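**Student:** Dumping the structure here so I can ask a few things about it.
The values are calculated or read from the model by the stated rules, or taken from the named source; none is laboratory data. Note that the structure is predicted; figures quoted are calculated from it, not measured. All Cβ positions, even for glycine, are placed from backbone atoms using ideal geometry, and neighbour counts span all protein chains on display.
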Amino acid sequence: MRIALILFQFLLFVLLVLFLVQNQGQFLDIYLFWSDTPRRVDSLAVMLLSFTIGGVLTWVLMTFYVINLRADLRKVRQQNRELMNEVSNFRNLPLDEIPDATVSDVPELPSPAARPE
């Protein structure tokens, strides 16, 4: 699976480089909010800036997501430890302290012939 991911990333990088080479020398007119006149910017700079902003934003959001997952994992591990201690306590319980089940304590099951269909 890791090899497939590396190959996919490499293919994506090659396609990005091909796209950038074919659009080399193209200029875009960018209108900024505080300016009435357009600014001519190389398309390469616009694409790299957009890619960088997207990568940084993704990294920040994924950092918060991973922190949240680690907190959840910590809670689940704590619950698991508590349950394992409880099971261990039951295993160490002497047999004479376990109450005997009598026949009257067990519910009676209906016979297969008495089932309504």
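**Student:** If you go through region 7-26, how many residues are modelled with pLDDT of 90 or more and either over 19 Å from F51 (Cα atoms) or touching a helix residue (DSSP H, G or I) at 6+ places or on another chain (Cβ under 7 Å) (or both)?
**Tutor:** 1
**Student:** Would you confirm whether or not region 16-29 contains a residue that is under 28 Å from the mean Cα position of the chain (by Cα) and assigned to a helix (DSSP H, G or I)?
**Tutor:** Yes, there is a match, as at least one residue in region 16-29 is under 28 Å from the mean Cα position of the chain (by Cα) and assigned to a helix (DSSP H, G or I).
**Student:** Any chance you could count how many residues in region 27-36 are surrounded by 10 or more Cβ atoms within 10 Å (Cβ to Cβ) and at pLDDT below 85?
**Tutor:** Of the residues in that region, 0 qualify.
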